[in-house]
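Participant: My structure is below; once you've seen it, I'll send some questions.
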Amino acid sequence: MHTPLFKIAFLASPIALSATSSSSPVSAWCSSPTAATPSTRSARGIGTDRQHCDTCGCCYPIEHFRDHHCIPKQLQSNCPVCNQFLFTSVSMVLITHCGHAIHEECMRQMLASGIYKCPLCMKTLLDMMPAFALMCDCVANTRMPPEYQHTTVLIFCNDCERKSTVPYHFLGHPCPFCHSFNTSVLQMFNSPDFSPDGRIVEPNVDPPRQPIDGGLPP
């Protein structure tokens with residue numbers, strides 16, 4: 001009985017690309033003549049149930065071939081988590097919707113630790129829109145202190161790769177284009193200033209000067 005060794009992970013559940021012996025390397029599944037010998041290949045072959053991508057250097061199921069994200073020689077690299085060489089690995093390998101390859105077990109441990117971003121491109125690995133909708137409600141129902149009412153931030157969205165300026169909020173900054181909270185703050189504007197003792201210094205107001213020799217301030 002064969003077990004899946006190579007999968008492609010989209011925003012939904014991972015889809016098995018092929019089935020091969022759990023003790024065989026990932027390269028045994030590839031149909032390229034330079035990737036494996038005929039005695040180690042499995043599945044039915046190119047043009048039947050899979051298609052080889054010369055750019056990626058690996059095979060995809062025919063139903064996903066046109067939609068896959070090409071990354072040159074992506075399996076000729078190490079897993080970004082455990083650093084094991086992927087093409088000769090005997091562990092299950094996933095290809096995420098952003099096109100990067102990672103071991104299934106490494107991805108499972110990442111998700112269990114609350115890490116939902118690709119370690120290479122920082123894009124969201126799963127469908128996080130239900131969680132983002134809850135976060136958006138929390139932002140809408142959490143009022144910021146008045147000293148931050150004019151504070152804005154320039155953000156970069158790791159998912160749609162757009163920049164935008166949005167109001168600053170302690171809880172996070174949703175992208176106005178794709179509504180993702182997977183954003184990074186690049187710059188802050190009109191932020192309040194704090195004195196060394198933690199008090200807020202009003203903008204454009206100089207602190208009072210100390211008198212000189214007991215007299216009036218200069």
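Participant: Need the failing condition index for His150 against (1) loosely packed, with under 14 Cβ neighbours inside 10 Å; (2) in a helix (DSSP H, G or I), just the number.
Facilitator: For His150, the exception is condition (2).
Participant: So which residues in the stretch 137-146 are within 30 Å of Asp193 (Cβ to Cβ) and surrounded by fewer than 16 Cβ atoms within 10 Å (Cβ to Cβ), if there are any at all?
Facilitator: Of everything in the stretch 137-146, those that are within 30 Å of Asp193 (Cβ to Cβ) and surrounded by fewer than 16 Cβ atoms within 10 Å (Cβ to Cβ) turn out to be Cys138, Ala140, Asn141, Thr142, Arg143, Met144, Pro145, Pro146.
Participant: Follow-up. Filter the stretch 155-169 down to the residues that are in a strand (DSSP E or B) and free of Cβ contacts under 8 Å to residues at least 24 places away in the same chain, then identify the one that is most open to solvent (accessible area, probe 1.4 Å).
Facilitator: Lys163
Participant: So the check is Cβ under 6 Å with 6+ separation or different chains; which pairs have a first residue in the stretch 63-86 that's within 11 Å of Gly99 (Cβ to Cβ) and without any contact (Cβ under 8 Å) to a residue 40 or more places away in the chain and a second one that's of a type outside the set (A, V, I, L, M, F, W, C) and open to solvent by 60 Å² or more (accessible area, probe 1.4 Å)?
Facilitator: That search, which allows pairs on different chains as well, returns Cys70/Thr55; Pro72/Thr55.
Participant: Would you please list the contacts, defined by Cβ atoms under 9 Å and residues six or more apart or on different chains, that run from a residue in the stretch 125-146 that is on the phi < 0 side of the Ramachandran plot and touching a residue at least 24 places away in the same chain (Cβ under 8 Å) to a residue that is of a type outside the set (Val, Ile, Thr) and assigned to a helix (DSSP H, G or I)?
Facilitator: Going by the 9 Å Cβ cut-off, the qualifying pairs are Leu125/Met107; Leu125/Met110; Leu125/Leu111; Leu126/Leu111.
Participant: On to the next question. Between a residue in the stretch 171-184 that is touching a residue at least 24 places away in the same chain (Cβ under 8 Å) and any residue that is acidic (Asp, Glu) and assigned to a loop (DSSP other than H, G, I, E, B), which pairs come within a Cβ distance under 6 Å, given they are 6 or more apart or on different chains?
Facilitator: Close Cβ pairs satisfying both conditions: Ser180/Asp159; Asn182/Asp159.
Participant: What number goes with the only condition from (1) closer than 15 Å to His103 by Cα; (2) open to solvent by 30 Å² or more (accessible area, probe 1.4 Å); (3) modelled with pLDDT under 75 that Asp49 does not pass?
Facilitator: All conditions are met except number (1).
Participant: In the stretch 171-189, which residue that is small (Gly, Ala, Ser) and touching a strand residue (DSSP E or B) at 6+ places or on another chain (Cβ under 7 Å) is surrounded by the fewest Cβ atoms within 10 Å (Cβ to Cβ)?
Facilitator: Ser184
The values are calculated or read from the model by the stated rules, or taken from the named source; none is laboratory data. Owing to the predicted nature of the structure, the values given are computational and were not obtained by experimental measurement. For neighbour counting, all protein chains shown are included, and Cβ atoms are generated from backbone atoms with ideal geometry for every residue, glycine included. Keep in mind that these areas ignore ligands, DNA and RNA; they rest on the heavy atoms of the full protein, side chains included. Shrake-Rupley method; radii C 1.70, N 1.55, O 1.52, S 1.80 Å.
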